[in-house]
Number of protein chains: 4
Amino acid sequence: MGDGSERRDQIIVIARRLIAARGYSATTVRDIADEAGILSGSLYHHFASKEAVLHEILHGFQHDTLSAFERIAASGGSARERLDQLIEHAFLTIEQRPDDVRIYQNETGFLMTQPGFEFLADGAERIEELWLEQITEGQAAGVFRDTIDPRLAFRFIRDAVWSTVFWFRPGGSHTAASVSENYLDLLHHGMLTVEG
Amino acid sequence: MGDGSERRDQIIVIARRLIAARGYSATTVRDIADEAGILSGSLYHHFASKEAVLHEILHGFQHDTLSAFERIAASGGSARERLDQLIEHAFLTIEQRPDDVRIYQNETGFLMTQPGFEFLADGAERIEELWLEQITEGQAAGVFRDTIDPRLAFRFIRDAVWSTVFWFRPGGSHTAASVSENYLDLLHHGMLTVEG
Amino acid sequence: MGDGSERRDQIIVIARRLIAARGYSATTVRDIADEAGILSGSLYHHFASKEAVLHEILHGFQHDTLSAFERIAASGGSARERLDQLIEHAFLTIEQRPDDVRIYQNETGFLMTQPGFEFLADGAERIEELWLEQITEGQAAGVFRDTIDPRLAFRFIRDAVWSTVFWFRPGGSHTAASVSENYLDLLHHGMLTVEG
Amino acid sequence: MGDGSERRDQIIVIARRLIAARGYSATTVRDIADEAGILSGSLYHHFASKEAVLHEILHGFQHDTLSAFERIAASGGSARERLDQLIEHAFLTIEQRPDDVRIYQNETGFLMTQPGFEFLADGAERIEELWLEQITEGQAAGVFRDTIDPRLAFRFIRDAVWSTVFWFRPGGSHTAASVSENYLDLLHHGMLTVEG
DNA sequence: CATGAATGAGGTTTCATTCAT
DNA sequence: AATGAATGAAACCTCATTCAT
């Protein structure tokens, strides 16, 4: 178990879609097996448990996201550029892997304390570190205003960005890029005009 | 059924706490009844179903929140002042009724399409109208920058604000008021300094 | 318990209608109480149990029916006239007390062996005696053909007659009297014409 | 689900016996599972619901009965012969499948209006057509007396015949054949002697 | 690899009944 | 004579999981 057979991959793909749409606890092993064209018991040849499927989805997603964030945080440029890139990458991820993001957003809160899912808390902490670095560095450099608590700023940004996954639908009046651009504009300059 | 007896209220209070903590589908009727000191079947003397408990919690919460928003939207002052008050009221609500907010945030997405819960979509739409009015009015008045799509702005704000319920813990280094203040500062002026 | 208060009578009337329509076990104490405008628990001021209501309905009905049959069996006239009268009385009862008949037909089979409902078997036996008397007497008198087992004849007649309660609807193309007349015609002369 | 495994068949056999004896609503899923030597939940591996078991029993029975009736109605001979054969087949069915007949007699009235059981009303109507054809044809041919409403005649016959299932016990003083013979004698010639 | 059958625990709900007030 | 709250048993059903074949 752990090697990537075709069936295995197929099951993950199906599970991802269903769990994203209905939630983990409302998605049954049988739902997944049905769509894969096998019996629910047969699913246990590929995964040790229902939780193991969720584990694999979340672990894979967090690994990829964290890697990308590490890469950006270690890249050249200014703190402001790096923060922008982190945000842009998040919007890109929402566009490319919306189901993963939805699952992450929905299930992570409850799971973080569950045995076997400690990696979620660790990853969340590491992500916070990486983003915070940019904010505090930018404040130190005088490019970000320092009247705002950087921890709060991080959370405001993180939540606004990732939550878009629940309402953004490609094919509407906005692309992921235009949503990203709008958000960065708002974040950079705020809502008020100079006169306001 | 529908009027408020003492037991009924007590059950609602318990259910609110448990559902906020574990999620609706992971909270069992027995969990609720156990904490109320009655048998699970006895709960059906007070409520027609498990769903009816959730309905009452969400309906009550949405009613109160919407009323407050309507009042603010209809009050005097500038669009900017009203938007600030909407946001401040949201933070206040998070402080005073965190369980209601958590349930609303967690369960509303799936429930909105379920029969009997249409009021959730209606309410969400009305809230969007009320907030949008302030944003577009502020943009028309030249007090809010108009390079940002007002719909996107609304959603960015809404999600950032309400999501704080998942991490804000009173008694830490921040009060609800200071979180609110920080958010308004960030929203008004953005992250960048004038030089940045 | 046992005296006839107004509420008591009202409950019996309601129960009769509901049990006839849905069956005893599918009719709940709450169904009955609801229609009576009281709470289900309050019903126990008037009756010791749900079964007691059924008992009263069936006992009363059987008493009345048996009395009438006894009276007819003891009346003057020929055996044939008395058998006709028994049958006519049954059709009359179906017209006047259809709910009682339906309940009797539906529930008696299972109940007959239940403690407290032994009177049903006793009454059924007595009724069989009374009807059989007429048949055997008629056969002895040479007015009824004696190639038919009188016990079988009784049951064929009884079942055909009482079963009409399940399909006869007054206000249609037949009255209870015309149904009765048709049945007696068929019973007396059979289906075949003299040539047939 | 729908094909016939051994366990499935075994469950049907058990359910048939229990439902015939106690009635559908008084027979529990556990009763059935207990006799099959499995847990009540395991029954749902074979059937979607308790109702589905009943559906299968009734549908199968109605199908077989209707087929036989159609065959007889389409066979050669006179209307009188065909009516006799219909009646004889009914008595044969009572002897061979008494549980099916009992269930059909007991549950059909209430079920006919329930979703999923519309076939019961359709079948009952088709059966009425088939039997009526013989009666009206016989009347037209002058072999059946035409003073009797054929619809009433059908119902009198149907009810008398099928109701025997509730009292006929093989091994007593009568066989199914002798009961059938007695009924046909009564139906053909009526009770009265020529002198009567 | 998959099936088919089963487990066992637990879920929501129903319902006749009791009883203090 | 009725209420309102509760009981306790049992109902139907779900679901993750196991395992012999």
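Observations on the model:
- Number of the condition not met by B:Ser67 [criteria: (1) within 14 Å of DNA strand F (Cβ to nearest atom); (2) assigned to a helix (DSSP H, G or I); (3) among the hydroxyl-bearing types (Ser, Thr, Tyr)]: (1)
- Per-region count, segment D:93-117, residues surrounded by fewer than 14 Cβ atoms within 10 Å (Cβ to Cβ) and farther than 26 Å from C:Ala26 by Cβ: 1
- Answer from B:Phe91, B:Phe117, B:Phe61 - the residue that is within 26 Å of B:Leu132 (Cα to Cα), at pLDDT 95 or above, assigned by TED's automatic domain parsing to the domain that holds B:Leu184 and within 16 Å of DNA strand E (Cβ to nearest atom): B:Phe117
- Selection within segment A:73-98 - more than 14 Å from chain B (Cβ to nearest Cβ) and assigned to a helix (DSSP H, G or I): A:Ala73, A:Gln85, A:Glu88, A:His89, A:Leu92, A:Thr93, A:Glu95, A:Gln96
Here is a yes/no grid of residues against (1) within 9 Å of DNA strand F (Cβ to nearest atom); (2) of a type in the set (A, V, I, L, M); (3) under 25 Å from the mean Cα position of the chain (by Cα):
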{"residue": "C:Arg17", "(1), (2), (3)": "no, no, yes"}
{"residue": "C:Tyr24", "(1), (2), (3)": "no, no, yes"}
{"residue": "C:Ile32", "(1), (2), (3)": "no, yes, yes"}
{"residue": "C:Tyr44", "(1), (2), (3)": "yes, no, no"}
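- Residues (under 20 Å from the mean Cα position of the chain (by Cα) and facing chain B (nearest Cβ under 8 Å)) located in segment A:179-196: A:Val179, A:Asn182, A:Tyr183, A:Leu187
- Exactly one residue out of D:Ala74, D:Ala48, D:Ala33 is surrounded by fewer than 16 Cβ atoms within 10 Å (Cβ to Cβ) and within 16 Å of DNA strand E (Cβ to nearest atom), and it is D:Ala48.
- Flag if C:Ser42 is assigned to a loop (DSSP other than H, G, I, E, B) and either among the β-branched types (Val, Ile, Thr) or near DNA strand E (Cβ under 8 Å from one of its atoms) (or both): no
- Entry remark, segment D:65-86: residues being more than 30 Å from D:Ile103 (Cβ to Cβ) and touching a strand residue (DSSP E or B) at 6+ places or on another chain (Cβ under 9 Å) number 2 in total.
- Conditions (1) more than 14 Å from chain C (Cβ to nearest Cβ); (2) exposed (fewer than 14 other Cβ atoms within 10 Å of the Cβ); (3) within 8 Å of DNA strand F (Cβ to nearest atom): number failed by D:Ser40: (2)
- As a summary of the residue check, B:Asn182 satisfies the conditions (1) in contact (Cβ under 8 Å) with a residue 24 or more places away in the chain; (2) within 17 Å of A:Arg155 (Cα to Cα) except for the one numbered (1).
- Top-ranked residue of segment C:101-114 - restricted to ones that are in contact with a Phe, Trp or Tyr (Cβ under 9 Å, 6 or more places away or on another chain) and aliphatic (A, V, I, L, M), ranked as modelled with the lowest pLDDT: C:Leu111
- The set of residues in segment D:2-17 that are in contact with a helix residue (DSSP H, G or I) (Cβ under 8 Å, 6 or more places away or on another chain) and either more than 9 Å from DNA strand E (Cβ to nearest atom) or assigned to a loop (DSSP other than H, G, I, E, B) (or both) comprises D:Ile12, D:Ile14, D:Ala15, D:Arg16, D:Arg17.
- Qualifying residue in segment D:74-89 (condition: without any contact (Cβ under 8 Å) to a residue 12 or more places away in the chain and closer than 25 Å to C:Phe166 by Cβ): no
- Any hit, segment C:45-53, residues being touching a Leu at 6+ places or on another chain (Cβ under 7 Å) and of a type in the set (S, T, N, Q): no
- Criterion applied to D:Gly116, D:Gly172 was being free of Cβ contacts under 8 Å to residues at least 12 places away in the same chain and more than 9 Å from chain C (Cβ to nearest Cβ), and the one residue passing it is D:Gly172.
- Number of positions in segment A:137-163 that are farther than 18 Å from B:His188 by Cβ, more than 7 Å from chain B (Cβ to nearest Cβ) and not in a loop (DSSP other than H, G, I, E, B): 8
Per-residue answers, yes or no, for (1) surrounded by fewer than 19 Cβ atoms within 10 Å (Cβ to Cβ); (2) farther than 30 Å from D:Glu51 by Cβ; (3) not small (Gly, Ala, Ser):
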{"residue": "D:Phe119", "(1), (2), (3)": "yes, no, yes"}
{"residue": "D:Glu125", "(1), (2), (3)": "yes, no, yes"}
{"residue": "D:Gln134", "(1), (2), (3)": "no, yes, yes"}
{"residue": "D:Phe156", "(1), (2), (3)": "no, yes, yes"}
{"residue": "D:Asp185", "(1), (2), (3)": "yes, yes, yes"}
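- Test for A:Ala20: is it away from DNA strand E (no atom under 16 Å from the Cβ), touching a residue at least 60 places away in the same chain (Cβ under 8 Å), within 14 Å of chain B (Cβ to nearest Cβ) and surrounded by 15 or more Cβ atoms within 10 Å (Cβ to Cβ): yes
The values are calculated or read from the model by the stated rules, or taken from the named source; none is laboratory data. Since the structure is predicted, the reported quantities are computational estimates derived from the model, not experimental observations. Cβ coordinates were reconstructed from backbone atoms using ideal geometry, including for glycine residues, and neighbour counts include every protein chain displayed.
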